[in-house]
Each structure stands twice: as structure tokens, then as C-alpha cells.
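Visitor: My questions will all concern the structure given below.
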Amino acid sequence: MPELPEVESVRRALAPVVGVPVVGVRVARRDVVRDEAGRRRGRLDPAGLLAGDRVEAAERKGKQLALVGASGRVVLVHLGMSGQVLLPAPGGRVSGGHAHVVWTLGDGRRLVFRDPRRFGGIWMLPDPDALAERWSRLGPDGLAVTGADLARALGGSRRAVKAALLDQAAVAGVGNIYADESLHAARIAPTRACASLGRADWDRLASCVRSVLRGAIRAGGSTLRDYRLPDGSAGEAARRHRVYARAGQSCPDCGGEIAGMLLAQRSTCWCPSCQH
Ligand SMILES: [Zn+2]
């Protein structure tokens, strides 16, 4: 499932689209597009998908991506489990089908949203205020989160810290992979109750969240089943995972065996020797 580094890698790769007119849009699967209220039915106004508009900015908060039009209209993209935003080379093909929404751009290229498993989708928002309102429900972005932010949001909670890190209202953009990786880097056991962590722990954890996410962005995001950069290539960050999906293998820090468990219904990998 794409997390902050994957979505940020997509956002950066969409830089060539910024400033380019959107000539038209074709929607092959009407039910991947929702209006501001989340409705999927009704007449679909192509202007709501930036047809006849121009992309002025590609923005991100947490795992959400937004294309902001010169008109002020916003196309908000959730990649969900398997969503992709692709920018094939002119004349290039999109392999695998499922091209659910296809924009034709003024420079002859196409921008494609495909989501084979359809847990993601597109929301048409009327203006930047609607986007700001939505994003105000999210916690601080993972690249900017501080120990004070985490202590304030989670400090009194009896939840396990791993489960709490997945709460997008506490910190936006961290999912299962980077929660495990950040806790290993911070040497904090995923099962620890939030309320047992002190301010120094929150500071160290926030710093590790930021650096783990930054490192993964440098590697272009993780190669998961369905994740692709807009040019169709896979990212390199998976090779850098230190505990995620490595249960039974040895810890790169201490050589001890990495443990695997289910925590809050999510697979969780950690090193019992390093993390307390
Ligand atoms: Zn270890």
C-alpha cells in the first residue's frame, strides 16, 4: 500500500504536468470518481476533472495527492491499495489495462489514473478551501512531524505505539511499512503503550519517522505489488527495509532474529533485542 514516500515520489514525477493545459478527460469507470460529498452518481462535469483547465500545482499531504487547477478546482487522488498515476511517454502504452481516468494534455501526453483493486479513487473538489478543510483533518505531515506533535496527539493514549502511528489524524503519511521501520530506527518496541513513552522517546521517534521517510523518498518509494512511478518504473526503497517483511531474518543492527506478530490486525516486524 502506498505510503508517504511513494505518493511524494509520484508527486515529484508529475512536475512536467504543471503549467500544461488539460485538453480533455475520458472516464472509463465512473465509480472511481466522487464529488465533494463523496457521491458517485449523477452527471459528471468534465471541468470538475480539470478538463479545459491547466494544472497549476501538484501537492501532497500524507498519502493524499492533489492536482490544483488554474480555476481553483482540485482533483484529489487517493492511491488506496493499488492506485497508480501514470505519465506514459508520448505514444506509449499503459500496460495491464484498468485505465480508469485518462486526461489528454496540451503537450500531446496522457495522464492516467488506474486502480485495479479500486480501494483508491478521485474526489472532485470545487476550490482550495475544500482541500484545506479535508487536509485539516489529517495530522502533521510525516516529513515535518515533531516530538511535540506526537506527544500532544498520542502521549496519553493506552494504544500500542505501532497502532497509534498508523492513525492519520496523529501523523499523516505513515503506514505499516514505515511505522515498523521508524520504530526500529528509534529502538522502541511496537507493543509499547503510548502513555509509557517520555518526551525524549517522542522526539527520537519523530526524528526517525522524518529520516526514514526522507530516505525512502530518495530511493523513489518502495516496490510493492502494484506501486509504480509515473514513468512505469518501480522504486528502489524495498531493498532498504531493515525489519519490514523480514521476520525470521537477522537484524541488520544486532544480528538477532527479527520477530513477526499481528498487532492491530497488521503484520508487524521488529527486533526484540534492539527495541524496548
Ligand atoms: Zn536488533
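The values are calculated or read from the model by the stated rules, or taken from the named source; none is laboratory data. Everything numeric here is computed off the predicted structure, so don't read it as measured data. Counting neighbours? That spans all protein chains shown, and the Cβs are built from the backbone with ideal geometry, glycine included.
Conditions tested, residue by residue: (1) farther than 22 Å from Ser136 by Cα; (2) crowded, with 18+ Cβ neighbours inside 10 Å; (3) without any contact (Cβ under 8 Å) to a residue 24 or more places away in the chain.
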site: Val27; (1), (2), (3): yes, no, no
site: Arg30; (1), (2), (3): yes, no, yes
site: Arg43; (1), (2), (3): yes, no, yes
site: Gly52; (1), (2), (3): yes, no, no
site: Val68; (1), (2), (3): no, yes, no
site: Val74; (1), (2), (3): no, yes, no
site: Val77; (1), (2), (3): no, yes, no
site: Thr104; (1), (2), (3): yes, no, no
site: Gly120; (1), (2), (3): no, yes, no
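Visitor: Another one. Condition first: within 11 Å of the ligand (Cβ to nearest atom) and either more than 23 Å from Leu213 (Cβ to Cβ) or not assigned by TED's automatic domain parsing to the domain that holds Leu183 (or both). Now tell me which residues in segment 250-268 satisfy that.
Guide: Filtering segment 250-268 down to residues within 11 Å of the ligand (Cβ to nearest atom) leaves 250-259.
If the condition is that a residue be within 11 Å of the ligand (Cβ to nearest atom) and either more than 23 Å from Leu213 (Cβ to Cβ) or not assigned by TED's automatic domain parsing to the domain that holds Leu183 (or both), then Ser250, Cys254, Gly255, Gly256, Glu257, Ala259 are the ones that fit.
Visitor: I'd like to check something: does segment 171-182 contain any residue that is part of a strand (DSSP E or B) and charged (D, E, K, R)? Break it down stepwise before answering.
Guide: Filtering segment 171-182 for residues part of a strand (DSSP E or B) gives 172.
Next cut, charged (D, E, K, R) only: none.
No, that holds for no residue.
Visitor: Scan segment 136-153 and report the pairs whose first residue is within 13 Å of Gln168 (Cβ to Cβ) and whose second residue is in a strand (DSSP E or B) and among the aliphatic types (A, V, I, L, M), with Cβ atoms within less than 8 Å and a gap of 6+ or a chain change.
Guide: Leu138/Ala172; Gly139/Ala172; Pro140/Ala172; Asp141/Ala172; Gly142/Ala172
Visitor: List every residue pair whose Cβ atoms sit under 6 Å apart, with the two residues 6 or more apart in sequence or on different chains, where the first one lies in segment 192-215 and is in the same structural domain as Gly156 (by TED's automatic domain parsing) and of a type in the set (Gly, Ala, Ser) and the second, anywhere, is at pLDDT 95 or above and surrounded by 15 or more Cβ atoms within 10 Å (Cβ to Cβ).
Guide: Listed pairs, sorted by first residue: Ala206/Val145; Ala206/Thr146; Ala206/Gly147; Ala206/Leu150.
Visitor: Does segment 135-151 contain any residue that is over 30 Å from Gly72 (Cβ atoms), of a type in the set (S, T, N, Q) and assigned to a helix (DSSP H, G or I)? Let's see the steps before the verdict.
Guide: Let us first name the residues in segment 135-151 that are over 30 Å from Gly72 (Cβ atoms), namely 146-148, 150-151.
Among the residues that remain, those that are also of a type in the set (S, T, N, Q) are: 146.
Still in the list and also assigned to a helix (DSSP H, G or I): none.
No: zero hits.
Visitor: Another question, then. Any idea which of (1) in a loop (DSSP other than H, G, I, E, B); (2) out of contact with any helix residue (DSSP H, G or I) (no Cβ under 8 Å at 6 or more places or on another chain); (3) within 16 Å of the ligand (Cβ to nearest atom) is the one Ile188 doesn't satisfy?
Guide: (2)
Visitor: When the residues of segment 254-266 are filtered to those that are without any contact (Cβ under 8 Å) to a residue 60 or more places away in the chain and in a loop (DSSP other than H, G, I, E, B), which remaining residue is surrounded by the fewest Cβ atoms within 10 Å (Cβ to Cβ)?
Guide: So the residue we want is Gln265.
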